[in-house]
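This report refers to the structure that appears directly beneath it.
The values are calculated or read from the model by the stated rules, or taken from the named source; none is laboratory data. Just so you know, these numbers come straight off a predicted model, no measurement behind them. In this analysis, Cβ positions are derived from the backbone assuming ideal geometry, glycine residues included, and neighbour counts consider all displayed protein chains. Surface areas here come from the heavy atoms of the whole protein model, side chains and all, with no ligands, DNA or RNA. Shrake-Rupley method; radii C 1.70, N 1.55, O 1.52, S 1.80 Å.
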Amino acid sequence: MLTIHSGTDGRALLVDGGRIAAAGPLDAVRAAHPGARVRSWPGAVRPGLTHEGELPQAPTPRERVHALLLRGVTAVATAPADPALRSALDRSGLLPARPAPSLEPGARADFAVFDEDGACVATVIGGRLLHRRA
């Protein structure tokens, strides 16, 4: 299923499965893919953040990973030693840090949407919407 993610800055990403299929102004992406679902976000679509250091404290590994998603994190600098925490990271799709994330066609669809105050509105990893602010 094709999904267009657009922000208030007019930039849009077309996601096909786990990859970015197109990027550009919303009108141009929408015209080229009229059947795609459109998600309009109240913020700017940006590369996700890379988390460095210990993961946030929470009662369960899943909640620790979710705390990262709430911040727009799409990669971690180092894999934790705890097997349960590594498993939770793997299930979410969070990857070890890699070179500068790209929002260009062909890149893995890892990005976040940040509002004008810098708060994360949505986090997408591998094309999957894993967090959205209510």
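Is it possible to state the helix-based mean residue ellipticity at 222 nm for the chain, with each DSSP H run of 4+ residues giving -39500 (n - 2.57), the sum divided by total residues, to the nearest 500 deg cm²/dmol? What is it? Intermediate results must be reported in sequence, preceding the final value.
Numbers: 3 runs with 26 residues, N = 134.
Taking each H run of at least 4 residues, the total per residue is -5500 deg cm²/dmol.
Within the set of other residues whose C-beta is less than 15 Å from the C-beta of D16, count the net charge using Lys and Arg as +1 and Asp and Glu as -1. Before the final figure, lay out the partial values.
On the way: positive: R19, R30, R37, R39, R108, R128; negative: E104, D110.
The answer is +4.
If you find the alpha carbon centre of region 1-38 and of region 91-134, how far apart are they in angstrom?
15
Using a 1.4 angstrom probe, figure out how much accessible area the chain has per residue, in square angstrom, rounded to the nearest whole. Kindly include the intermediate steps, with their values, before the conclusion.
Details: 6950 Å² over 134 residues.
Per-residue accessible area for the chain comes out at 52 Å².
Indicate the gyration tensor shape class of region 1-101 (rounded, prolate or oblate), computed on the Cα atoms with a ≥ b ≥ c the square roots of the eigenvalues: a/c under 1.5 is rounded; otherwise a/b larger than b/c is prolate and the rest oblate. Spell out each step's value before the answer.
Values: a/c = 2.54, a/b = 2.41, b/c = 1.05.
Verdict is prolate for region 1-101.
To test your reading of the geometry: what angle, between 0 and 90 degrees and rounded to tens, separates the Cα axis of helix 83-92 from the longest principal axis of the chain?
With both axes taken from Cα atoms, the answer is about 10 degrees.
Taking the Cα centre of region 47-107 as origin, work out the dipole magnitude from +1 charges on Lys and Arg Cβ and -1 charges on Asp and Glu Cβ, in debye rounded to 20. Could you put the intermediate results ahead of the total?
On the way: 6 positive and 6 negative charges, 23 e Å.
In total the dipole reaches around 120 debye.
Quick query: amide H of A12 versus all other amide H atoms, modeled in the peptide plane; which residues come in under 5 Å with a sequence gap of 5 or more or a different chain?
It is G24, L26, by chain and number.
So what are the ³J(HN,Hα) numbers for region 109-115, from phi and the Karplus equation (6.51, -1.76, 1.60; θ = phi - 60°), rounded to whole Hz, Gly and Pro as x?
Running phi through 6.51 cos²θ - 1.76 cosθ + 1.60 with θ = phi - 60° gives 7, 10, 7, 9, 10, 10, 7 Hz.
Through the Karplus equation 6.51 cos²θ - 1.76 cosθ + 1.60, θ set to phi - 60°, convert the phi angles of region 117-127 into ³J(HN,Hα) values in whole Hz; use x for Gly and Pro.
Along region 117-127, the couplings run 8, x, 7, 6, 9, 7, 10, 10, 10, x, x Hz.
First select every other residue whose beta carbon is under 15 angstrom from the beta carbon of R71; then total the charges, Lys and Arg +1, Asp and Glu -1.
On the way: positive: R46, R64, R132, R133; negative: E52, E54, E63, D110, D115, D117.
Combined, the nearby Lys, Arg, Asp and Glu give -2.
Given a 1.4 Å probe and heavy atoms of the protein chains only, how would you sort S40, S92, S87, largest accessible area at the top? Walk me through the intermediate numbers first.
Details: S40 85, S92 15, S87 45 Å².
Correct descending sequence by accessible area is S40, S87, S92.
Pairs of alpha-carbon atoms within less than 8 angstrom and 6+ residues apart define the contacts here; what relative contact order does the chain have, in percent? Display every interim value, and only then the final one.
Values: 299 pairs, mean separation 36.1, N = 134.
After rounding, I find 27 percent.
Using the Cα gyration tensor of region 53-128, with a ≥ b ≥ c the square roots of its eigenvalues, what is the shape: rounded (a/c below 1.5), prolate (a/b larger than b/c) or oblate (neither)? It would help to have the intermediate numbers written out before the result.
Values: a/c = 2.01, a/b = 1.35, b/c = 1.49.
Here region 53-128 falls in the oblate category.
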